[in-house]
Structures are given as C-alpha cells and as structure tokens.
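Heads up: the structure comes next, in structure tokens.
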Amino acid sequence: MSATTAAVALPPARSRLRRRLRRYGPAWAGGAIVLAWIVVALLAPWIAPYPPDAVDIPARLQPPSWNHWMGTDTLGRDVFSRLLYGARLSLFAGFSVVLLGAALGTTIGIVAAWARGWWDEALMRFTDLVLCFPPIILALAIAAALGIGPVNTILAMLVVWWPKFARLGRALALVQRSQEYVEAATVLGLKPHRILTRHILPNTLGPLAVLVTLDLGNAILTFAGLSFLGLGVIPPMPEWGSMVAEGRELVEQWWVAAFPGLAILTVVVGFNFCGDGLRDWLDPKGRNR
Amino acid sequence: MSRYIAKRLLAAAIMALLASAVIFLIANLVPGDPVLAQLGDIAASDPATVARWRAKWGLDLPLWERYGLFLGGLAQGDLGISIATRRPVLDDIIQYAPATLELATVAFLLSLLVGIPLGIAAAVWRDGWVDSLARAISLLGVSAPTFWLAFIMLAIFYGGLQWAPGPGRLDPIAFPPEGPTGLFLFDSLWLRDWETFHDAAAHLVLPSIVLAAATIGLITRTTRAAMLDSLQQDYVRVSRAKGMREWAVVLQHALPNALVPVVTLGGLAYANLLAGAVMTETVFAWPGLGRYTFRSAAALDFPAIVGITLVVSITYLLVNLMVDLSYAILDPRVRR
Amino acid sequence: MDGSFPLPGQQPVLEVKDLHTVFMTDGGPIHAVDGVSFKVGPGETLGIVGESGSGKSVTALSLMRLLEEPARIVGGSITFQGRDVLAMSRSQLADWRGDRAAMVFQDPMTGLNPVIRILRQVTEHIVSHGRMPKAAAKKRGIELLRRMGVAAPERAAASFPHEFSGGMRQRVMMAIGVANDPALLIADEPTTALDVTIQAQILDLLRGLNADFGTAIVLISHDLGVIGTVCRRVAVMYAGEVVEEAITADVLSDPRHPYSWALVNAVPRLDAPTGARLTSIEGTPPDPLNPPQGCRFEPRCPFKVARCATDHPPLMDVAPGRRARCWVTADGRSLPRPTLPAAAEAEQPRMAEAPLLEARGVEKHFALPRSSFLKPPATVHAVNGVDIALHRRESLGIVGESGCGKSTLARLLTRLHEPTGGSVFFEGQDITHASAAALRGLRPRLQMVFQDPYASLNPRMTVGDALAEPLTAHGRVGSRKAANERVRELLSTVGLKPAFASRYPHEFSGGQRQRISIARALALEPSVVVADEPVSALDVNVQAQVLNLMLDLRQRLGLSYLFIAHDLAVVRAFCDRVAVMYLGRVVEEGPADDVLSRPLHPYTVALTSAIPEPGRQRVILAGEPPSTLRLPRGCAFAARCPVARAECEAPPPLAAVAPGRKVACHFPGAFAPRTATKLEIVR
C-alpha cells in the first residue's frame, strides 16, 4: 500500500459480527421457530400432558398453573395440550394449501407462458376472474357450500389460492424464456426437457421458494380465520382458530383465547423470517425489501 | 385518457358479468336439494307438488336459462330471501353496509396515515431505529391473526384498563343518530350531535386499529420497498446533482414513483378491509356486513352468502377500476 | 475560440488535491480513488479516461459529493472557485450543486424522472436556486431545449420522458445540466449508452457549450477517442490513481505511461492495415483490496524494470506540461511503438464454393401485445428482406446502430427465431422452417456467442458443467473423465486456467466470461460461429484480448464467423467482408477495407465519419432512425439523407456497383465528406 494511503485515516468499520447478525439473525430465528413447531406437531401425542379432548368440567376455566400451563377452557380441557395438537392441523392445512396451490398455479402459469396465444389469453383471463373475488369471502362461500370440515376448507382455500402462483409462474417462465443462457442452451442443440430441467427450473425455483415460504404463514392465518368463523373443523377437534373462537367472549379468562392466537402469531412470524432470509440468501443484491 | 377510462369500464363490466356467472354456478352446485330445504319432507314426497314447485322457481329450465332469470333478478336488485332473517338479502345488505363502510374507511385512512410516512421514514433512514421499528410493526401487523388481535385489544383496553368502550358502535343505551347515511360519524356531525359523535368515535378506536393492523403492515412494507427502489434510481441522483433539497428529492422525485405500487396495494387493501371486517366485526359485535356474513356462514344461509359475495365482488371490481384509473394519473406511461 | 487555455495566474474553477475515496466493504476498505489531484481552469476541458473499476466515475461523484454509502471521501481537498467543497454544509452543497457546478450522467433512459414533465425537470432548479421566477424559468427552459437541439421544444417541454429516444433524453439531461449557466459541467460517460451517430451529435453539443459559454468541462469516458474530440487535456486513471496527465493529442500520439500506451494501442483504428493484431496487455487490474506494493501496473507492464516491483512511483513531470507515474519514462523518454506480430496469413475465404450459411430475402416481424381487442396488434418490422451469404473460412461483419435488426438477423440465421418470410440455408440445406428436432442435428456445426457475458451463462452451473453439457448431450464423450479432459482442453484453448472448471460464472470478470462463452461455442467443433456483439460490453483492452483470441481461433480451427457489431473499427479489424444495415435492410456490402475506407452509401459515410477518432473529418448526421413500426415506403434512409432527391421515394435495390460491392442507393457515392477540416453539421 502506498505511503499516501497509509496516511489517510479510515473510519472504523462496524463490527462484522453485528452486521452478520443483522443480516442472518432473523432467518435463523425463523428457521428455528418453524422447525420447533414442526417437531411439536409430529410429537404432539408424546409431549402433550393431557389428551386434547379430555373433558373435566369441575376443573373448567382454571387460570394457568403448574398443572395446566396455559389453563383450562370451558370444558376443563387443557389449553396447552390442545394447542400442541392444534399445530398438526394448522401446519398440515398451511402446507397442503400452499404446496398444492403452488404446484397447480405454476403449472398453469408456465403452460400459459409456453403456449402463448389463445391458451395464454384464456388461462390468464380465468386467473383474473378468480382474482377479482375477495379471497376470504370466496373461500367462505365455497367452504360453506361444501360443508364444514378441514378437507372442505382446504379445498375452498385452494380455489382462491392458485391464481397468484399462476401469475408468478407465467412471469418467471416469460423472463426465463428470454434469458440469453436459455437461448445459448437452444443453440447448443439441447433437448427441451433438458433445457427445462437444467436451465429454467433451477433458476425459477428460488423466487418460487421465497413466495411459498412467505405464503405458508398467510395460509395458516387464513385457515385459522375460517376455523374461527366455524368452518375449518368440527368441534372437539383442536384447532387454533376455533380455540380462539371458543374463548372470544371470555375476557376475564383471557388464557383460553390468548395462547392459541399467540401460537398462530409465532408460526406466521417464523415463516415470514424464513422467507425474507431465503430471499436475501438467494439474491444478495436485492436486500431491500 | 377518456378512451382509457372507457376501455377499463368495459373490461370491468365484462368481469362483473363473469363473476356473477361464477357465483351463480357455486350457488347451483351446492350439495343438498333446495327442494327438500324449501318444501319440507312431506311436500317433497309428492312428485306433482315437486314438479309444480320446480316449475314455479324455474328449476326445470336448463342452466343457462336459469342464469338468465338470475341476471334478470339481479338487474332489479333481487338477491333472494335470506333463510335466517327471512328478509330480502338486499335489504339486509343495505342495512348493514354503512357500519362496515364506516369502519373500513376509518381503518383505511389510519393505515395510510401510519403506513406511508412510516415506510418513507424507514427507507430514508435505512437500517436506523425508525427502520427497525417499521419492520417490527409491519411484521407483527401482517402476522397477528385479526380475530386474536381484536380479542387481545378488548381484553386489555376494555376488560383490563377500561380505557376504551366495549363492543358495538355506540353505548348500549344511546340512540343512533337519525342521519341520512347510516355512517354515525358523518350523521352526528351533520346533526351537530357532539355527544353521539364522541361516542361513535370512541367506539371506532379499537376496531379500526385492529382492522388496520395488517394493512398498516402491508402498506409500510410496500412503501419502504418502493421508496428504497426509487431512491436508488438515477433520477434521484440527478435531482441531487441539480441541487434540490433532500426533502424535495424524497417527496417530489422519489415518492411519486414509489406511490404506484402503494396505490395498487392500497386499493386491494381497501377492498380487503371491506371483506376482512368479518372477524373484527364478529369480536367487536359490530353490526355490519362482516357480522352478517359470519352469521350467514354459520347458519349456512345460502342466499345471503351469494348476495354478499356478489356485492363485495362488485365493490372489489370497482375499487380495482379506481386503482387502474389512478395509475393513469400517477404514471404517464400507462396513459394510452 | 477554444477556451481551453487557462490564463496564467487565473484562479482555477476546480482544484482537486490528493483526493481519497474508499468503499467500506465487508472484505475491508477499497481505495477506489487513491490520491487523485488535478486542476481545471475557467473554460478548460479535461478528460478522465480509464477502464471500468479504475475509479473515474467515483472521482466524478466525489467532486459533486454525490457518493452514497458505503463510499466516502476520507482525505484530500476539493476547491471550487476558492471554496472548500468538502467543508460545505448540506444546505450550502444544495445551493452549489446544479448552480455553479452541474453533472450529466451516463444513462439518459433512467436519469429522467418518468412521472414528471420535461419542463419541470429542466426548470425546477432554476426556480429553487432563486435564479428566476417560474414564468421566466419556463421561457428559459424551452430556450434551453431548443439550444440543445430538441425538436419542437414547446411540445417536448410538456411531454413525459418515455415519449423520447435515448439521444433526445440526453439532450434534455444536458439542458438540465447547463440550466443555471454553471462554471463547471461534469459529464460522466454521457454518450456510452448511445449510438455512434447520436454520440457524435451529443459530443458536438458539449464542444459547443464550451466554446459558446466558456463552461469548463470534465468529461469522463472509457474511450480516448471520445475524449479526444472534446477535451484538450486528459488524465488517465488506473486502479484509483492518475497515471498520466497531458494534452490529449500528445497522449494519443506518444503515451508516456505503459497503461496509456496499452489503451491507445488496444483500440482498433479505422485506418489500420487489415489483418493486424490489436495490442493487448495480459492480466487484469489489481485486487482493489490488496494493491501491489510497487507500481500498480507492474504485474501487467511490458516495459517494467526492477524498481517497479518495489517502489510506488509518484506522478512526475516527464516533459513540459506532462506528468506520468512511471519509472521507465521518468527520464523523459517515449515508449516504443507496439511491435505487432504480423498475423500469420489466414487461409483465404473460399468464395468460389457454395456459401455455408445463407439468407435469401429473409424477414422477421414481431407482433406487439395488443393495445385493444378491436385494433390489430402493432408490428415491429425488425428484418425486412436481407440477402447475405457467409462462405467457408470467411469472416463477415454486420454493422448498424441499435434497432437496425442485426441481432434479430443473427437469431434468424441460427434459427432461434423462425423467419416470417424468405429463407435460410445452412450447408446448402433449407432450414427456414426446420423442426427443432431436425435443427438439433445441425446445431453442433452452427454455434453462437452472445453479447452479454453476464446473461449468457447459467448462474447456477459451474463452468465445467456448462462446457461439458453440450458434449454429453450430443454423445461426444464416452465418460465423465473424457468430458473433464475435453473441458480442460477447451479452457486452455481460450486462455483460461483448467482449474477454473469448478467455479461459478459470478466469480469471473466480463472478459473471462466471454472467453467461457467462446469455449462453450467451440465445444462441439462448429464450422460457423455467429457472434452477436461479443466485445461490445467489454473494456478496450479486454476487447482487444478477446478479438485476438477469436482471430487466433479462426486460423487454428478454420472457423467462419458472422460477426455482429456496432463498432466499425472492430469490424474493420476483424472481418473480410462487411454488410451495413439500416432499418432491417442491408444498405451496403463489400470487402471491409473498401467499404469502410471508400463508403458509397450516405449512411455508411456518416457512420464512418461519426467515429470519434482523433483527426477524423466529421460529418454529423441529424435526426434519428425512423420507427420500425411503420416502414417508410421509399428509401429508408431518405429522411436523414443529405443528398436525398425525388427519386428516393422509390426503394433502391441492393445493386452491384463493382465486383463484390453492392449498394442500395439511387446515387451511390454522391455524398462524400469534403476534405475541409472544419466540422459541419448536415441539415
């Protein structure tokens, strides 16, 4: 280094650790939260202190204590145990809606982008049509039409869920098709399936994974909302949204509704952190959003 | 510009027509026989009665003719009779709409007033404490379930601290203002009834904050991202090189560009507020469309659900139309 | 008169002393500007030249204090008319910027605010600096637009930026820059994004500002030719330092720093002998985190002496008015002229044989998305009937400005696009509408190199995988081991280390990536390589390296090239024959030497004379190419042609005027640049 350079005083750099923590901390925290809930959902029967539907009327509406960490509800059931079991349905519903919706939607979108012309126009207009309904209301109407129950509610959510993925899938496919490396692969005489699997898909999966992760929280929120409105589950089944609904008038016995809601909040925050972290990791330049 | 508006209007009308077809299909694909539901077991066992009944309601006609009849009814404002209230669905909707409109509008204004400045500040002082605050608020806003937040707010500020009034639009013993619109804030102002105005405003505080929470989160996020993007554009550097003051650079050059995505989201958010009031209204016993929707869904009151879906979808379309039109004002590149 | 001579004793407009700007990165501080000093007198013109990463743009931003995190000025001083710029408060800075000192940026497409009308963008700082009230500023704004050559300035003032072409936007940017009659205008690569004829217009405008208003100009560019047309003096930057500072003409004729020497000689010249190699220096600029201890250019320097590796040279006076940072020339000697290895005589193109690749009347029209259900979609007429033939061992250049259809033509010939009309033949076989499966069999012999070395490599594949993929897909190698062997061979063919195979594209520089792209195209041993602007995204020295490599490969492997470019000198250096395109048609074709030294079509004349080569007699073509949405009925060039007559209403055919030369003009040769040295503006 030159003498002149050495003479120049440099401002102190911010500590590397702090910067890394700021950048990657939330992503790790999010991953830990999500992983913890998945473990809870899988192991619920072994870690829950009580069966989720064990009614104990004399012990109803007890505040949190050593015996009942999160108190008991109107039927004397252990809120903590029901909450652990509730993770199963919430996560299952979230994953199935988003994964199926993403698979269906992106397929439609990619087909539309690939086919162009009439098919593109028709598929996208249909997508627009579904998007012109407010999702919650449409899901509510369909779920009501199909009848109460988790499977029907998931089906209803699927109907309103795929269009955004169709739009994303189409946009990504269009971008990819005009990429020079895709043209280069064509010039090299590679077969279409090879171009699709080796060049297009790997570069599309990133943005898709980000949206899927962010959307999982969203789907869990919506499912809980529909359950809260009485559509998601048939009563004794433990589900977070319906647990909040059961306790929504018990302002004095706040624990009945507060803890299940908190559970939803943590899962959704976890997925949001994961999604943001994934986006930063995939695209170090776009660290804006 | 007028051509653009005409084009958008036409597209919206076509969409509305298609939407009504979709709703009609959903209504007619309901499992369960409407004959049974309407006539009862005994009458339904007589084929002649059933045939007469089906003919009367046009159920023996092919699907597309029934759709024509449905459209005809729609044109006359006939949305059917609610099973639960036994009143025309349209009357119910007209009765409950003002409460929701008032709540959603207040929540919408609240989310714009908080979200946009917060988003701008977060982008300008990126990585500073304002930014951290904005990110925390938007994360909690979009992650907290509305119905739970409503409960928590009620439990704390009404049940615990008693700072806020309880559920409902007014004190249980108060009389609603006899104004022209059914919007209590507006009507009480109109009648110079300050006591009622105060009461209505106080009752709006908690529900509007709850309803706005998710929207505040979304608008803050979007504004921040759009502003960060806009602040990195070359034209911002050009305007700094011109010697514009920093506030002018941010507010006159960066902001107008950042507003385009915010307006899209804002329009969508308003429509979603109208629709998403379902949960807030349920917890706050707010006598609006949301609670009506909840009750109808719980009672499987199908005519009501169809009616609400249709009305809300058309509102949704109208809001989207307005978003498209405001694009044309904000971004000259769209005006074709 | 040229105001480039500062009067002695006069206070300089700008004086920079020992300026240091660093980027605080995760890896440590990068000294982007490392001790830069220079002076600009009133009305003087100074050029700053260097390759990307040399610190020239950061210097420009530092001068205006427009740096953003993580860049900051950490040392030195900037004095503007006696005021200390680094000591100014935020509000003092805002008062000064855009008033006494102004800046014009590189990209006119993004520099104007898309949602604000032109007039307000031109005048808002006239008002905010308190120079004029709104109404007067409006008048001045329109006057400025007129002065900058914006057509119909009143209407333009009320328009939005998206309604303008790049050239027009850059004129608006210049109007913004000079709105308050600044004493200093800093122009950062103002013409890099523009076509050569538009570039000539803008440079002319800059010169005019300096001559008419005495505005001092600091012009930043990677192109010494551009600087030579505007600036009397030049500072050459390398790795954050000024390595030479002198009169521009002197640097061009007798560079005293080896890096300047390389810059001057790496540029292909229109008057160089054919088939000559370009002078290129090997290697890449030093790692900015760990610059070498001695001279920063030492690792690449062809003239280095022992001292260079250990002692960092200061900027020394090497001749009156000349300074250079070099131990070799410190005693006032000149550097030797480059000795070019005379290119081994390439095998002559086999013009008598049937052409390898041929287009007959080929056309391509793209339908734009419908703007309305009722109207038919608008159509872009990208290529409108092109006849062209590439023979074995030949190198055929296609030149033209952006939008002339040359890239589309490349994609038609490689059948990435299917022609709308006409036909394409490869090895005598009609491939106009050949199926994808039929084409796959031919593809190995017909390869392509793309323009953007960043976009043409899949970011998620290692270089080794990218090179091995065509080999395995076409069954050229039996095993993974054989593939790896061939990949190593390919990498060394294009001058890269075989060990690079395991790296990902983002780990390479632009020039290295372009080498990888070439290696990929060579993997299948093609007979034809279509190269779409393969060097236009590269710095001149890297450009010279890649061009030399391609020349080598042509001889060693007997390749035929179809070479698309917008730079005439590059084509001249590289090609046997050249075809000039305008608005989707070939307007002139013939031996490269002939066409470029004795152009017959008025457009070719304008193109060749617009090249910013010092000493070139210039014709500045007014106007811009017409829209490709609606083709003119007659000669496409007539609207801009200085010698157009009534006959030009009929389209001229591409007719032979001499053996091997074809021109599409009713009056070939009618327009020739006069020999006068004075500038002229046509129309």
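The values are calculated or read from the model by the stated rules, or taken from the named source; none is laboratory data. As the structure is a computational prediction, the values presented were derived from the model and not from experiment. Note: ideal-geometry Cβ built from the backbone for every residue, glycine included; neighbour counts use all protein chains shown.
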Collect the residues in region A:241-264 that are of a type outside the set (D, E, K, R), in a helix (DSSP H, G or I) and more than 8 Å from chain B (Cβ to nearest Cβ), keeping them in residue-number order. A:SER242, A:MET243, A:TRP255, A:VAL256, A:PHE259, A:ALA263
Against the definition (under 18 Å from C:PRO459 (Cβ atoms), in contact (Cβ under 8 Å) with a residue 60 or more places away in the chain, more than 14 Å from chain C (Cβ to nearest Cβ) and in contact with a helix residue (DSSP H, G or I) (Cβ under 8 Å, 6 or more places away or on another chain)), how does A:VAL233 come out, yes or no? no
For the structure I just gave you, tell me whether B:ALA241 is in contact with a Leu (Cβ under 8 Å, 6 or more places away or on another chain), within 13 Å of chain C (Cβ to nearest Cβ) and surrounded by 23 or more Cβ atoms within 10 Å (Cβ to Cβ). yes
Say whether the condition of being part of a loop (DSSP other than H, G, I, E, B), aliphatic (A, V, I, L, M) and more than 18 Å from B:GLU281 (Cα to Cα) is met by at least one residue in region B:228-251. yes
Of the candidates B:ASN320, B:ASN272, B:ASN257, the one satisfying the condition of being among the polar types (S, T, N, Q) and within 27 Å of A:SER242 (Cβ to Cβ) is B:ASN272
With respect to C:PRO453, is the statement that it is part of a loop (DSSP other than H, G, I, E, B) and either more than 10 Å from chain A (Cβ to nearest Cβ) or touching a strand residue (DSSP E or B) at 6+ places or on another chain (Cβ under 8 Å) (or both) true? no
Among the residues in region B:221-238, are any among the β-branched types (Val, Ile, Thr), surrounded by fewer than 24 Cβ atoms within 10 Å (Cβ to Cβ) and within 14 Å of chain C (Cβ to nearest Cβ)? yes
List the helices (runs of 4 or more DSSP H) that sit entirely inside region B:63-146 and contain at least 2 residues that are touching a residue at least 60 places away in the same chain (Cβ under 8 Å), among the hydrophobic types (A, V, I, L, M, F, W, C) and more than 14 Å from every other protein chain (Cβ to nearest Cβ). B:89-124
Scanning region C:89-105 for residues that are closer than 22 Å to C:ALA175 by Cβ and either among the hydroxyl-bearing types (Ser, Thr, Tyr) or in contact with a strand residue (DSSP E or B) (Cβ under 9 Å, 6 or more places away or on another chain) (or both), the one surrounded by the fewest Cβ atoms within 10 Å (Cβ to Cβ) turns out to be C:ARG100
Look at A:PRO150 and say whether it is crowded, with 19+ Cβ neighbours inside 10 Å, more than 14 Å from chain C (Cβ to nearest Cβ), within 30 Å of B:ALA12 (Cα to Cα) and not hydrophobic (A, V, I, L, M, F, W, C). no
Reported set for region A:265-278 where residues are of a type in the set (Val, Ile, Thr), more than 7 Å from chain B (Cβ to nearest Cβ) and surrounded by 21 or more Cβ atoms within 10 Å (Cβ to Cβ) is A:VAL267
Look at B:LEU265 and say whether it is more than 10 Å from chain C (Cβ to nearest Cβ), touching a residue at least 12 places away in the same chain (Cβ under 8 Å) and touching a Phe, Trp or Tyr at 6+ places or on another chain (Cβ under 9 Å). no
Which numbered condition trips up B:LEU59, out of (1) modelled with pLDDT of 85 or more; (2) assigned to a loop (DSSP other than H, G, I, E, B)? (1)
The number of residues in region C:316-327 that are surrounded by 13 or more Cβ atoms within 10 Å (Cβ to Cβ), modelled with pLDDT under 90 and in a loop (DSSP other than H, G, I, E, B) is 0
Answer yes if at least one residue in region B:39-54 is under 26 Å from B:VAL311 (Cβ atoms), out of contact with any Ser or Thr (no Cβ under 9 Å at 6 or more places or on another chain) and modelled with pLDDT of 65 or more, and no otherwise. no
Which residue is nearest to A:PRO207 (Cα to Cα), if the candidates are limited to region C:461-472 and must be without any contact (Cβ under 8 Å) to a residue 24 or more places away in the chain and surrounded by fewer than 21 Cβ atoms within 10 Å (Cβ to Cβ)? C:ASP465
C:GLY82: out of contact with any Phe, Trp or Tyr (no Cβ under 8 Å at 6 or more places or on another chain), more than 7 Å from every other protein chain (Cβ to nearest Cβ) and more than 30 Å from C:GLY27 (Cβ to Cβ), yes or no? yes
Please verify whether region C:471-494 includes one or more residues that are within 24 Å of the chain's Cα centre (by Cα) and more than 26 Å from C:LEU224 (Cα to Cα). yes
Being within 28 Å of C:THR59 (Cβ to Cβ), away from chain B (no Cβ under 14 Å) and touching a residue at least 60 places away in the same chain (Cβ under 8 Å) narrows C:GLY167, C:GLY98, C:GLY111, C:GLY177 down to just C:GLY167
